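*Asks:* After the structure tokens below, expect a handful of questions from me.
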Amino acid sequence: MLDFEYHTPTHVVFGKHSVEKVGNLIQEQGCKKVLIHYGGGSAKRSGLLDRVAKSLETVGVDYIMLGGVVPNPRLGLVREGIALCRKEGVDFILAVGGGSVIDSSKAIGYGLANEGDVWQYYAKKQAPPVCTPIGAILTIAAAGSEMSDSSVITNEDGWLKRGLSSECCRCKFAIMDPTLTYTLPAYQTASGAADIMMHTMERYFTAVDTPMSLTDQLAESLLRSVMKDVTAALKNPEDYDARAGLMWASSLSHNGLMGCGTDGGDWASHQLEHELGGKYDVAHGAGLCAVWGSWARSVMPANPARFAKFAVNVMGVEAGADDTETANRGIDAMEAFFQSIGMPTRINQMGIDLSEEDMRELAYKCTYMDTRKIGKFVSLDRDAIYDIYKLARA
């Protein structure tokens, strides 16, 4: 195992009716004016925004609102939010939604606290020194942004989807009420669960020869738990225990715990999906499912034993004649599970018919225009990335 540092400063408030505590939590931050940032109409229709506003009004905290966040959140709205916050004197941002809303809030926080255009940070031209304080009320169990150090934004100029990680953006608090996820559509529930699993699987498939055994066991247990809970939640959307399990797994999968003692993980599948999400606006979890199996089959020969361990300990498959056979059984089983919850395992199952030109473009963008390789389990260049897109196409 490798040496590591682990830091999770986010104050978690978990349980039914925890939304009512938001006013006091924000008051503790000593801020003067809050931006309530949210997505579509569901936050309004459900009465959630009214509950949030009432809690702030009770403690005398001023606020403004900005909605309109979409999946694969846009840079255009981020810039609009930065300008609005500067005009209104906002000094705290409250994200009410899922990962897209939290990521958009983090980006606004970067732009508000620093000079220059916020895209410079996502384009990796420099690192953000500070971020305006962020809080979150989680409504979707998926991205784990409520406890992570990362955010992902899509630039409409070129449809580039880029991620940024920085300790300064971690939420000051995260309110998690599983009942807020009862009304999620089945596809969104399943896509979110897939995202949770992939955050753990990215870290599980490490290039380190001797990863920490305890971290492996935590990851394997979390994956089995998510598989059980998403199946139950799809069967009964108001199964509180299943929804609670998914919500807590969302945070644990992406707050760094699942990577302790490893090299941090592979992340090639995420990079492959980012280009699909940026260009075709697909649901993130679904896009990950569509490319994972093809990535896995491409890189598995580099360390069949690691995939065989995953196959037995996570997927519960019977060991084959050798590690390679066992590994392939595990990959097949993972794809079968994705299909069982309504997720795609090929790109064309999302209604995308990739041409030769499309795949070349995606591979080029994925390498940041031929300036990098992706992945740690196996380092992938532009040609290898193209091959995986081609294998995943249909």
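The values are calculated or read from the model by the stated rules, or taken from the named source; none is laboratory data. A quick note: this is a predicted structure, and the numbers were derived from the prediction, not measured. With ideal geometry, Cβ positions are generated from the backbone for all residues, glycine too; neighbour counts draw on all protein chains shown. The area values use the complete protein model at the heavy-atom level, side chains included, leaving out ligands, DNA and RNA. Shrake-Rupley method; radii C 1.70, N 1.55, O 1.52, S 1.80 Å.
*Asks:* Angle between the Cα long axis of helix 99-113 and the longest principal axis of the chain, 0 to 90 degrees, nearest 10?
*Replies:* 60
*Asks:* Under the rule a/c < 1.5 gives rounded, and otherwise a/b versus b/c splits prolate from oblate, where does segment 11-93 land using the Cα gyration tensor? Each step should come with its number before you reach the end.
*Replies:* Numbers: a/c = 1.88, a/b = 1.23, b/c = 1.53.
Oblate, since a/c reaches 1.5 and b/c is not below a/b.
*Asks:* Considering amide H positions built from the backbone, and no H for Pro or chain starts, which residues 5 or more places from VAL12, or on another chain, come under 5 Å of its amide H?
*Replies:* ALA174
*Asks:* How high is the relative contact order of the chain, given as a whole-number percent (alpha carbon pairs under 8 Å, six or more residues apart)? Write out the running numbers ahead of the final one.
*Replies:* Numbers: 779 pairs, mean separation 59.8, N = 394.
The normalised contact order for the chain reaches 15 percent.
*Asks:* Right, another one. Could you list, in their original order, any pairs among LYS125/LYS161; LYS21/LYS44; LYS21/LYS228; LYS228/LYS279 whose Cα atoms are separated by more than 27 Å? Working shown, then result.
*Replies:* On the way: LYS125/LYS161 15 Å; LYS21/LYS44 19 Å; LYS21/LYS228 31 Å; LYS228/LYS279 32 Å.
Violating the 27 Å limit, Cα to Cα: LYS21/LYS228; LYS228/LYS279.
*Asks:* Calculated from DSSP H runs of 4 or more alone, at -39500 (n - 2.57) each and per residue, what is the 222 nm mean residue ellipticity of the chain, nearest 500? Numbers along the way, then the final one.
*Replies:* Numbers: 15 runs with 191 residues, N = 394.
The per-residue figure over the chain is -15500 deg cm²/dmol.
*Asks:* Of the accessible area of the chain, with the probe set at 1.4 angstrom, what percent is carbon plus sulfur?
*Replies:* Values: 7740 of 15510 Å².
The value for the chain is 50 percent carbon and sulfur by accessible area.
*Asks:* Suppose every K and R has +1 on its Cβ and every D and E has -1 on its Cβ; what is the size of the dipole of the chain about the Cα centre, in Debye to the nearest 20?
*Replies:* On the way: 38 positive and 48 negative charges, 167 e Å.
That gives the chain a dipole magnitude of about 800 debye.
*Asks:* Still on this model: On C-alpha positions alone, give me the angle between the axis of helix 382-393 and the longest principal axis of the chain, in degrees, nearest 10.
*Replies:* Tilt of helix 382-393: around 90 degrees.
*Asks:* Can you give me the accessible area per residue for segment 19-175, using a 1.4 Å probe, in Å²?
*Replies:* Numbers: 5890 Å² over 157 residues.
Accessible area per residue, segment 19-175: 37 Å².
*Asks:* For segment 70-128, what does the alpha-carbon gyration tensor say about shape, rounded, prolate or oblate, given a ≥ b ≥ c as the root eigenvalues, a/c under 1.5 as rounded, and a/b over b/c as prolate?
*Replies:* On the way: a/c = 1.72, a/b = 1.08, b/c = 1.60.
Oblate, since a/c reaches 1.5 and b/c is not below a/b.
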